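Peer 1: Here's a structure for you.
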């Protein structure tokens, strides 16, 4: 998705928000139409009310004679209520569609950026942006934008009626109207900056809190739990202070509007009162009647009501601008231009994947891997060895397509897909079945039990009271490290992927668990899968049909087993 930039090269959040609103112009326009109907119904009510009071007090009409007018007022009240309902509902529909589209575009862009980009970002901060910052757009699209149109259309309708009744009273309203948005803008200049800082603070707080929760056991072991609590409290208090500053701005903008609106209404009231008493003889004031004067007085608050409503939603605009800045920062992040852009299928008909002169470069580090030529054939096992930081994980990421070759080519055979497993497999909060179905959503219970059996967890799961429905926490809370690894291996069995990439699959495991994992890997070999294993373990190296020794990003030796 192309993101708008201003002339200086920075993010143009207003243009982006306008582009989003343009996609839902139908619902937004209908919401504005409903708002105009509300204004027209209100004008009709006020006109009937002024007429009834004038008839009763001036013309001494009986209450029974005013029954049709009162019935019409009730009918207009119902019309106004229905129009208000549809105005709110249509605005919410537009907002919901826009937020769903924005969240989808963000998720799609994150998928294009790939795991390599995501590893440099905190999951808590990203979750905060995907949830809270996207939700912060709600008030802007559901209420602020429709009200922005209504604060022009509705006052014009009211002003037209006031001008018909008394042009001098209408002049007082016209003179007061520009002061309100002017001072609202002056007060709200800092609101966007404060909201941006607030969203940054809550993203930091989310990441800070998640880090402490994940490390709670370590903190308790080292007696640092109280210090961690104090740090979280300090971060939360900083967020509280930023939130209060933002709320002060919102209340101040509303107070400014109420002040000028009250002054303008008071001026109109003084004019009408003195005009009816005969103290003002200028212009149309001698022609004032109880009906026209009362209606002008009733119209004055309605003239400013759309601006009052806009002021209530003005902080929604500031919140949306602050949130949009953070969202655009993600959308403007450039994915690796060659990641996922495959060359034509490899010429070798039996090869799964081929690298030709491939190099990986990283910002600030230069070339970290290559040049490298590699051809992976079906059924072979390749061991990647070398010291920590030599480039084993980078090569696995290149094979997976998480990073693209800065030079050279990565060729993938048609229909080839892969399974990925590292020493800390992704396990979600849910049942064992939920975790297994991440690899095969349509897998049957029989297939899952068979995969668990191949991974060495079959008897263990069968002995659990709830079996496949046994609940585990995020990151495998409730399982040992070895059980988590074997659960991830069961997913690999379910995936039926011809290519399996493994990054230190036996790291941090005891000898007994290592043996069970190695047995499961041998079962994968027997199924004819192609395995690429980054490892230091002698038993895994011995399993390999060939071995690549990597040092400082260069393949220095290839040993065939």
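The values are calculated or read from the model by the stated rules, or taken from the named source; none is laboratory data. Values in this document were obtained by computation on a predicted structure and should not be read as measured data. Cβ coordinates were reconstructed from backbone atoms using ideal geometry, including for glycine residues, and neighbour counts include every protein chain displayed.
Peer 1: Being over 25 Å from residue 379 (Cβ atoms) and surrounded by 16 or more Cβ atoms within 10 Å (Cβ to Cβ) is the filter here; which residues of the range 409-429 pass it?
Peer 2: 424, 427 - these are the residues of the range 409-429 that are over 25 Å from residue 379 (Cβ atoms) and surrounded by 16 or more Cβ atoms within 10 Å (Cβ to Cβ).
Peer 1: Which members of the range 363-404 meet the condition of being part of a loop (DSSP other than H, G, I, E, B) and without any contact (Cβ under 8 Å) to a residue 60 or more places away in the chain?
Peer 2: The answer is 363, 364, 365, 388, 389.
Peer 1: Here is a follow-up. Filter the range 517-527 down to the residues that are closer than 22 Å to residue 446 by Cβ and out of contact with any strand residue (DSSP E or B) (no Cβ under 9 Å at 6 or more places or on another chain), then identify the one that is surrounded by the fewest Cβ atoms within 10 Å (Cβ to Cβ).
Peer 2: Per the criteria, the residue is 526.
Peer 1: Same structure, new question: Across the range 337-373, which residue is farthest from residue 546 (Cα to Cα) among those that are crowded, with 20+ Cβ neighbours inside 10 Å and modelled with pLDDT of 80 or more?
Peer 2: 360
Peer 1: Right, here's the next one. Look through the range 51-83, keep the residues that are closer than 23 Å to residue 165 by Cα and out of contact with any helix residue (DSSP H, G or I) (no Cβ under 8 Å at 6 or more places or on another chain), and return whichever of them is surrounded by the fewest Cβ atoms within 10 Å (Cβ to Cβ).
Peer 2: 60
Peer 1: Considering every residue within the range 503-512, establish whether at least one is modelled with pLDDT of 85 or more, in contact with a strand residue (DSSP E or B) (Cβ under 9 Å, 6 or more places away or on another chain) and either in a strand (DSSP E or B) or surrounded by fewer than 19 Cβ atoms within 10 Å (Cβ to Cβ) (or both).
Peer 2: yes
Peer 1: I need a count of the residues in the range 258-274 that are in contact (Cβ under 8 Å) with a residue 60 or more places away in the chain and either surrounded by fewer than 22 Cβ atoms within 10 Å (Cβ to Cβ) or closer than 15 Å to residue 170 by Cβ (or both).
Peer 2: Counting residues in the range 258-274 that are in contact (Cβ under 8 Å) with a residue 60 or more places away in the chain and either surrounded by fewer than 22 Cβ atoms within 10 Å (Cβ to Cβ) or closer than 15 Å to residue 170 by Cβ (or both) gives 7.
Peer 1: Looking only at the range 116-149, filter to residues that are modelled with pLDDT under 75 and assigned to a helix (DSSP H, G or I); which one of those is farthest from residue 391 (Cα to Cα)?
Peer 2: Top of the filtered list is 128.
Peer 1: Across the range 58-81, what is the total count of residues that are more than 21 Å from residue 290 (Cβ to Cβ) and free of Cβ contacts under 8 Å to residues at least 40 places away in the same chain?
Peer 2: 7
Peer 1: For the range 500-523, enumerate the residues that are in contact (Cβ under 8 Å) with a residue 40 or more places away in the chain and closer than 27 Å to residue 411 by Cβ.
Peer 2: 500, 501, 502, 503, 504, 505
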